[in-house]
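Quick notes on the structure that follows.
The values are calculated or read from the model by the stated rules, or taken from the named source; none is laboratory data. Treat the numbers as computed from the prediction; the structure is a model and nothing was measured. Every residue, glycine among them, receives a Cβ derived from its backbone with ideal geometry; neighbour counts consider all protein chains shown.
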Amino acid sequence: MKRRNLLKGIAAAIPAFYLQKAFGGIESLTANHIHIAADGPFKPDWESLKQYQVPDWFRDAKFGLWAHWGPQCQPERGDWYARGMYQEGSDQYKYHIEKYGDPSKFGFKDVINEWKAENWQPDELLGLYKQAGAKYFMALANHHDGFDLYNSTYQSWNSTRLGPKKDLVGGWAKAAKAQGIPFGVTVHAAHTWSWMEVAQRADKTGPMAGIAYDGKLTKADGKGKWWDGYDPQELYAQNHSLSEDSLNNNAIHRQWAWGNGVAMPDKAYCDKFLNRTIELIDKYGPDLIYFDDTVLPLWLVSDAGLKIAAHMYNVSIKKHGKLQAALFGKILDEQQRKCMIWDIERGQSNQIEPEPWQTDTCIGAWHYDRRIFDDKGYKTAKTVIHTLADVVSKNGNLLLNIPLRGDGSIDAEERKVVEGIAAWMQVNSEAIYATRPWTVFGEGPAIESAAPLSAQGFNEGKGKPFTADDFRFTKKQNMLYAIALGWPGEKGSMIKALASSSAQLGARKITGVSMVGYPGKLNWQQTAEGLKIQTPAVKPDDIAVVYKIEGAIG
């Protein structure tokens, strides 16, 4: 379905009240006491947000690391645990039954209580990530589970009061500042309303059949229990009727953009999300904010996302004297990509994009999964570097998640991956940082098998693996970099785009070729077929080889 028809279908399913609020962009959905501070040039509407310009520091940074870490990492059983544990018969449900008991007796709120983050050392991790070449760092501020990982005035269920009883976002922010790395947060909590509907279910079979899970519990039910004084409805947000087809575990995906029969969030829910996010920005001063949403949070239900974007930009101008903020959204049309940065999840564009963009991906599961460690199933440093080179050649940045264990540490295999990235970047990063795309992004056999984007991305790893015959190009000032995605061996390299007859070169001739990390001279020849380079006997790297080429850029 084309995007235009999809949006028409979504709009048809949304009450006129919400559409008026969303498209009007003037009348506030918030309570009167909310202070959406910052006066400035940006207003909460698309026309105003078109003033946005991606800051140069972000365009130059190219590579960021992410801690997608929260209470769902405590069971160490993979992504979306707080949802999967309520899906009878699923792997996570079976694991939960074995480890904790039935969700009617031990729900997600109780998983939070088990989570202590006892081995979390943000300063050590940020030092490691800086060595690996990260030029920005992002931390999970909340997930679809509704739990805030900071000192939240508007969400009692937060990490300073429950679970670790630590200000996790504050700790990350302090560590990033100590390393001189821009700090960002990722916000996913707009979807708790429908995502946690599974907590309203009950087992259909077995000894607990018909006994409701804890999704409908209230504050009164907690008397005498560990959560006495806390209202599970504040966490789960389930005091509403189910969405259409809610018992279908996959329905959430087609309802992600608040259409197709999803239960509509009420005004109080939208107000609370706005409050939480504005406070997050004001209290912790992030330079970047990522939303796991179609376009913006609660779009098209509410104008909260527009208000947050305008606030973020105006605060950045007040803080820095100019706009330095980076804000990300998914599934954006061409106009929206001028208002924020387009984010692609687990995938890459197949062309040089006119506007800077970002891909976010992970070396394993988004939330920590012990099985990936046991099976040695993480992406290798080689795969990460190849992805980075491909993304940067197309005007993008790479945000890479290194999932933390429940206790706040990374495991030995993850550390090896990070150290492998560091080793390559310490030698070759000049071909990455502060570069811009060349006239073509690359060449080689993998281009022909590149998979198209699906929804918000998800084309990662669907094409041919990269080889030494695949090249990605970047440029900086008058230097062209050709990154061979593998070691060419004795046969050397042939770069067809740099042939003497190349349309990309015009009348220019190659005047010099060297290899980053290799001190000796290279033998090379520019012919009508391509630039032929003889590789040295000793290879500097197995992952990817960087050629510095002079004369290609006038």
Within region 46-71, tally of residues that are of a type in the set (Val, Ile, Thr) and either surrounded by fewer than 17 Cβ atoms within 10 Å (Cβ to Cβ) or more than 17 Å from ASP333 (Cα to Cα) (or both): 0
Members of region 342-382 found to be β-branched (Val, Ile, Thr) and buried (at least 23 other Cβ atoms within 10 Å of the Cβ), listed by number: ILE344, THR359, THR361
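Conditions (1) free of Cβ contacts under 8 Å to residues at least 24 places away in the same chain; (2) in a helix (DSSP H, G or I); (3) within 30 Å of ALA326 (Cα to Cα), marked per residue:
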residue	(1), (2), (3)
LEU162	no, no, no
ALA173	no, yes, yes
ALA178	no, yes, yes
HIS191	no, yes, yes
VAL198	no, yes, no
GLY206	yes, no, no
GLY229	yes, no, no
LEU235	no, yes, yes
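Within region 403-418, is there a residue that is touching a His at 6+ places or on another chain (Cβ under 9 Å), assigned to a loop (DSSP other than H, G, I, E, B), at pLDDT 95 or above and outside the structural domain of THR294 (by TED's automatic domain parsing)?
Taking region 403-418 and keeping what is touching a His at 6+ places or on another chain (Cβ under 9 Å), we get 403-404.
From what's left, assigned to a loop (DSSP other than H, G, I, E, B): 403-404.
Filter once more, keeping what is at pLDDT 95 or above: 403-404.
Filter once more, keeping what is outside the structural domain of THR294 (by TED's automatic domain parsing): 403-404.
Checked region 403-418: at least one residue is touching a His at 6+ places or on another chain (Cβ under 9 Å), assigned to a loop (DSSP other than H, G, I, E, B), at pLDDT 95 or above and outside the structural domain of THR294 (by TED's automatic domain parsing).
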Yes/no for THR527 being closer than 24 Å to ILE432 by Cβ and among the polar types (S, T, N, Q): no
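Condition check ((1) under 19 Å from VAL440 (Cα atoms); (2) assigned to a strand (DSSP E or B); (3) acidic (Asp, Glu); (4) touching an Asp or Glu at 6+ places or on another chain (Cβ under 7 Å)) across all residues:
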{"residue": "GLY506", "(1), (2), (3), (4)": "yes, no, no, no"}
{"residue": "LYS509", "(1), (2), (3), (4)": "yes, no, no, no"}
{"residue": "GLU529", "(1), (2), (3), (4)": "yes, no, yes, no"}
{"residue": "ASP542", "(1), (2), (3), (4)": "no, no, yes, no"}
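Taking the stated definitions as given, is LYS204 of a type in the set (D, E, K, R) and within 30 Å of ASP60 (Cβ to Cβ)?
Numbers: of a type in the set (D, E, K, R): yes; within 30 Å of ASP60 (Cβ to Cβ): no.
No.
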Among residues of region 501-517, those that are over 19 Å from THR474 (Cα atoms) and touching a residue at least 12 places away in the same chain (Cβ under 8 Å), counted: 1
Residue count, region 168-193 (criterion: surrounded by fewer than 23 Cβ atoms within 10 Å (Cβ to Cβ) and within 17 Å of GLN72 (Cα to Cα)): 1
Test: residue in region 451-466 that is among the polar types (S, T, N, Q) and modelled with pLDDT of 95 or more: no
Where LEU242 falls short, out of the listed (1) more than 15 Å from LYS105 (Cα to Cα); (2) within 34 Å of the chain's Cα centre (by Cα); (3) not hydroxyl-bearing (Ser, Thr, Tyr); (4) not in a loop (DSSP other than H, G, I, E, B): (4)
Among residues of region 511-554, those that are surrounded by 14 or more Cβ atoms within 10 Å (Cβ to Cβ), closer than 19 Å to TRP424 by Cα and aliphatic (A, V, I, L, M), counted: 6
Qualifying residue in region 289-301 (condition: touching a residue at least 24 places away in the same chain (Cβ under 8 Å), more than 19 Å from the chain's Cα centre (by Cα) and surrounded by fewer than 24 Cβ atoms within 10 Å (Cβ to Cβ)): yes
